[in-house]
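**Student:** Below: one structure in structure tokens.
The values are calculated or read from the model by the stated rules, or taken from the named source; none is laboratory data. As the structure is a computational prediction, the values presented were derived from the model and not from experiment. Positions of Cβ are backbone-derived with ideal geometry, glycine not excepted, and every protein chain shown enters the neighbour counts.
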Number of protein chains: 2
Amino acid sequence: MGRWEPNASGRLGRAAMELYLERGFDQTTVADIAERAGLTKRTFFRHYADKRDVLFIGVTPLRERIMKAITQAPADLSPVAVLTLGMQAGAEMIQERPEDVKLRQAIIDAHPELQERELVKLAGLAADMASALRGRGLGEWNARLLAETGVAVFRVAFARWVANSAQGPLTRAVGETMAELAPLIAEG
Amino acid sequence: MGRWEPNASGRLGRAAMELYLERGFDQTTVADIAERAGLTKRTFFRHYADKRDVLFIGVTPLRERIMKAITQAPADLSPVAVLTLGMQAGAEMIQERPEDVKLRQAIIDAHPELQERELVKLAGLAADMASALRGRGLGEWNARLLAETGVAVFRVAFARWVANSAQGPLTRAVGETMAELAPLIAEG
């Protein structure tokens with residue numbers, strides 16, 4: 001078998017998700033995934049650190065899409081509008097493959113060590129968004145506050161969408177959840 | 001040495017924090033901590049799972065204090081006022097020992113695996129606060145949204161206070177940060 005396989009990463013990713021769905025995450029080995037993809041274990045480990053890693057491979061392009069939307073947003077938008085735009089750009093990417101996303105989330109929800117890894121990724125996303133908001137002129141602490149709040153909104157919107165995606169796309173859930181927060185907070 | 005030592009948990013905790021400050025967290029062993037406290041390693045392991053565990057032992061009483069303040073808050077307060085009251089009750093507990101808290105945070109900030117554990121604890125706190133807010137009649141998704149936002153506010157307020165506690169107590173930083181969020185979000 002040759003060293004470079006065309007689209008090995010994508011083939012391994014799809015094979016892994018199929019097997020996680022069929023057998024369960026715990027019952028699937030790296031050897032199983034490689035076999036299903038028609039590749040070797042060595043090829044698997046050229047692309048992924050372990051079988052958990054497959055579940056987080058989408059995080060980097062997602063973050064890039066969000067960051068691009070924030071940095072390229074029109075200059076006259078308010079910080080919260082820019083943040084919402086960024087999160088909706090990420091939401092668009094997620095809702096393209098709803099079944100994969102929901103399967104992935106069900107696996108993560110069932111494994112505390114995967115939830116930890118997801119929390120770390122979300123904390124990294126909050127830090128990046130804060131940095132992008134500072135880059136647009138928002139003060140240090142307001143940028144952190146808005147970015148951390150944005151992740152809170154995104155998590156809740158995502159959970160709502162996973163629980164009932166018949167109610168509409170994730171982009172809408174993000175916008176609606178952000179709109180619901182203002183009156184909730186202003187009541188104090 | 002007898003099986004039960006008076007206040008062994010507290011003595012070990014103080015000895016650990018002293019050594020983390022003097023030698024650094026990585027250079028301190030469980031044997032060092034037990035020796036400094038005048039106790040045995042066996043006694044240490046009766047109270048703590050490992051040397052990381054010492055840093056998180058305060059989380060349970062902190063959570064209990066926050067939950068008690070939320071569940072006992074006057075019935076006529078708005079959900080955001082109840083949440084702020086709960087977080088300020090927690091803040092009171094934290095600001096009683098500012099030097100310990102700051103040393104602890106510096107250790108956590110320097111160790112990714114401790115940051116993970118802290119993120120997990122904060123996610124658990126958000127879930128508990130959401131449950132307490134539901135118990136006061138707030139709807140499922142609004143309760144989650146408000147609780148997750150509360151943790152975001154608390155994290156930023158805490159970081160501000162650690163960076164500059166001369167500006168006032170943590171309780172005030174929590175109230176001010178919550179008050180700053182409303183106009184930031186409403187701009188959209």
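**Student:** Tell me, which helices (runs of 4 or more DSSP H) wholly within the range B:1-52 include 2 or more residues that are closer than 17 Å to B:Ile107 by Cα, small (Gly, Ala, Ser) and not assigned by TED's automatic domain parsing to the domain that holds B:Asp109?
**Tutor:** Where helices (runs of 4 or more DSSP H) fall fully within the range B:1-52 and carry at least 2 residues being closer than 17 Å to B:Ile107 by Cα, small (Gly, Ala, Ser) and not assigned by TED's automatic domain parsing to the domain that holds B:Asp109, they are B:8-23.
**Student:** From the list A:Ala126, A:Ala186, A:Ala110, which residue is at the interface with chain B (Cβ under 10 Å from one of its Cβ atoms), aliphatic (A, V, I, L, M) and in contact (Cβ under 8 Å) with a residue 12 or more places away in the chain?
**Tutor:** Checking each option against the conditions leaves just A:Ala126.
**Student:** Filter the range B:41-59 for residues that are of a type outside the set (A, V, I, L, M), out of contact with any His (no Cβ under 9 Å at 6 or more places or on another chain) and either modelled with pLDDT under 90 or closer than 14 Å to B:Arg117 by Cα (or both) and give the result.
**Tutor:** B:Asp50, B:Lys51, B:Phe56, B:Gly58
**Student:** Which numbered condition in (1) assigned to a helix (DSSP H, G or I); (2) free of Cβ contacts under 8 Å to residues at least 24 places away in the same chain; (3) more than 27 Å from B:Ala127 (Cα to Cα) is the only one that A:Asp76 fails?
**Tutor:** (1)
**Student:** For B:Pro98, indicate whether it is more than 22 Å from A:Leu122 (Cα to Cα) and either at pLDDT 90 or above or within 7 Å of chain A (Cβ to nearest Cβ) (or both).
**Tutor:** No.
**Student:** Taking only the range B:135-183 into account, find how many residues are of a type in the set (Gly, Ala, Ser), at the interface with another protein chain (Cβ under 9 Å from one of its Cβ atoms) and under 18 Å from B:Ala73 (Cα atoms).
**Tutor:** 2
**Student:** I've got another one for you. If I filter the range A:53-73 down to residues being within 11 Å of the chain's Cα centre (by Cα) and not in a helix (DSSP H, G or I), which single residue comes out as nearest to B:Pro183 (Cα to Cα)?
**Tutor:** A:Gly58
**Student:** Select the helices (runs of 4 or more DSSP H) contained entirely in the range B:91-177, then report the ones holding at least 1 residues which are assigned by TED's automatic domain parsing to the domain that holds B:Ala75, basic (Lys, Arg) and more than 24 Å from A:Arg155 (Cβ to Cβ).
**Tutor:** Output list reads B:98-109.
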